[in-house]
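Please treat every number below as a calculation from the coordinates, not as lab data. This one's a predicted model, so the numbers in the text were calculated from it and none came from an experiment. Don't worry about glycine lacking a Cβ; one is built from the backbone with ideal geometry, like all the others, and counts go over all protein chains shown.
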Amino acid sequence: MQQPNQNATTPPDNGGGDVFQMLWDCRFCGTKKLLGVDHRHCPNCGAAQDPEWRYFPSEADKKTVTDPHYTYAGVDKICPFCQQPNSAAANFCKACGGDLANSKTAVLKVTVSTELGQDVAGIADDVVKQRFEKDLAPAKKGLSRRVMAIIAVIMSACIGLCGGALGLSNSTYDSKLNVTNMSWERTISIDRYESQQGSDWRNEVPSGAYNRNCYSKDRPRQESYQEACGVERVDRGDGSFSQKTKMCTRSRTVYESDTFCTYSIDRWIHNRDLKTSGGPNEAVMWANFAPALTSGLGAEREAGRTETYKVDFQATDNAKNTYTYEPDTDAIWSTFKVGQQYSVKINRLEIPQWDTLKLLAPR
Ligand SMILES: [Zn+2]
Ligand SMILES: [Zn+2]
């Protein structure tokens, strides 16, 4: 059995919170603020209550259920033969006697959440307008489909352009280059074992710390807590609704007495870089590093080595076109000589394809 409650966001509330009566307006005689539980029919004209026309009352119009025998049986069943709403406990329609076995349940109103001190409007929803907007929805969907089609066209155009750029980088031309300069640089990074000052909460002081100086200090901490922040009204589908206090999670800073420490600790920290560099005629070498101390405070050690090699080229037919090749090793770098001529493929983005580099025989 499917529930036709397109308005509902939450299932009916069967317990918790205080229970009050929904209101409804008689659409036949115009009588307003009829009570959802007490008035199953309009006391003025006798028309049956339509669950779709129910609404939440304002604080001033809120009324509890007066019938002492009232119990919540569930969301009303709508008679499939005469549309009369019946109690969920009923098996047969009290208006026409029809079998309620295949009945649908009443449409539920959207749960209403309000901030503290905020009231609800307490007037009937414009059901006619809601139906009209619902009928309009498929038309809007059609429009968005058209928008999607336009976006698809724009995207495919863009892909075409990007493909064009890819084509550019794939197509190459041959160029002749002269080696104009060569350079290299090597760096050894040196760490030194030093005494460092630090400060932290006692439970976070690192092991190995010494010269501790601790004192008591208030430590901030974030704490979450629940706070009443509004009211939630949930349609129970039988002409009543439950009202519950809405709780929100808040956060606040609390301070607790703790211990804060300053300390000393010995650590390896970066001290300096030893650089060597040169041109085409300088032999490639590492800086000479011999630590005075290898243990204890003041000891030094290598922390890493880096090396870069560069070969500068100039196009033979256009001195403005210069390129720099960075070989990975000095073994490759040392095969080049200033004045040598190479051929290379260069793409349309002016990027040389270094894997195509070929030494040309001297003229
Ligand atoms: Zn009426
Ligand atoms: Zn009926």
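Computed over the stretch 57-132, the convex hull of the alpha-carbon atoms projects to a mean area of 7.3 nm². Excluding the site residues themselves, the longest part of the chain lacking any chymotrypsin sites (Phe, Trp or Tyr not before Pro) in a DSSP loop with at most 15 other Cβ atoms within 10 Å is 82-285. For the pair residue 266 and residue 247 in one chain, pulling the backbone fully straight at 0.36 nm per residue adds 1.7 nm over the alpha carbon distance. As a rough footprinting exposure proxy, the listed residues 285, 22 were ranked by other beta carbons within 10 Å of their own, and the order from fewest upward is 285, 22.
Quick one: if the Förster radius is 51 Å, what FRET efficiency do residue 256 and residue 69 give, using the C-beta to C-beta distance and rounding to 0.05? Taking R0 as 51 Å, the efficiency between residue 256 and residue 69 is 0.35. Phi-derived couplings, Karplus 6.51 cos²θ - 1.76 cosθ + 1.60 at θ = phi - 60°, listed residue by residue for the stretch 106-122: 5, 5, 9, 7, 4, 4, 10, 10, 10, 6, 4, x, 9, 9, 8, 4, x Hz, with x used for Gly and Pro. Think of it as helices only: each DSSP H run of n ≥ 4 in the chain is worth -39500 (n - 2.57), and spread over all residues that comes to -4500 deg cm²/dmol at 222 nm.
Working from label points 7 Å from Cα in the Cα-to-Cβ sense, the residue 134 to residue 217 distance is 6.3 nm. In terms of Cα atoms, the Rg and Dmax of the chain work out to 41.4, 115 Å. Label separation (residue 173 vs residue 297): 6.7 nm, computed from points 7 Å beyond Cα along the C-beta direction. Against the chain, whose longest principal axis is taken from its Cα atoms, helix 127-170 shows a tilt of about 10°.
Averaging the Cα positions of each part gives two centres, and for the stretch 296-322 and the stretch 239-266 these lie 53 Å apart. Over the stretch 258-360, one equal point on each Cα, no solvent: what is log10 I(q)/I(0) by the Debye formula at q = 0.10, 0.11, 0.15 Å⁻¹? So the normalised log intensities work out to -0.51, -0.57, -0.79. Within the stretch 187-328, the percentage of alpha carbon pairs spaced more than 19 angstrom apart rounds to 76%. Label positions at residue 320 and residue 286, each projected 7 Å from the Cα along the C-beta direction, are separated by 4.5 nm. Please grab the % of Cα pairs in the stretch 29-86 that end up more than 14 Å from each other. Across the stretch 29-86, Cα pairs with separations above 14 Å total 62 percent.
Within the shell of other residues whose beta carbon sits under 9 angstrom from the beta carbon of residue 196, the net charge comes to -1, with Lys and Arg scored +1 and Asp and Glu -1. Taking amide H as placed 1.01 Å from N in the peptide plane, residue 182 has its amide H under 5 Å from the amide H of 312, each at least 5 places away in sequence or on another chain. Sorted ascending by nearby beta carbons within 10 Å, beginning with the fewest, 67, 99 become 67, 99. Taking a straight Cα-Cα cut-off under 15 Å and skipping sequence neighbours fewer than 8 places away in the same chain, the aspartates and glutamates within cross-link reach of residue 129 are 52.
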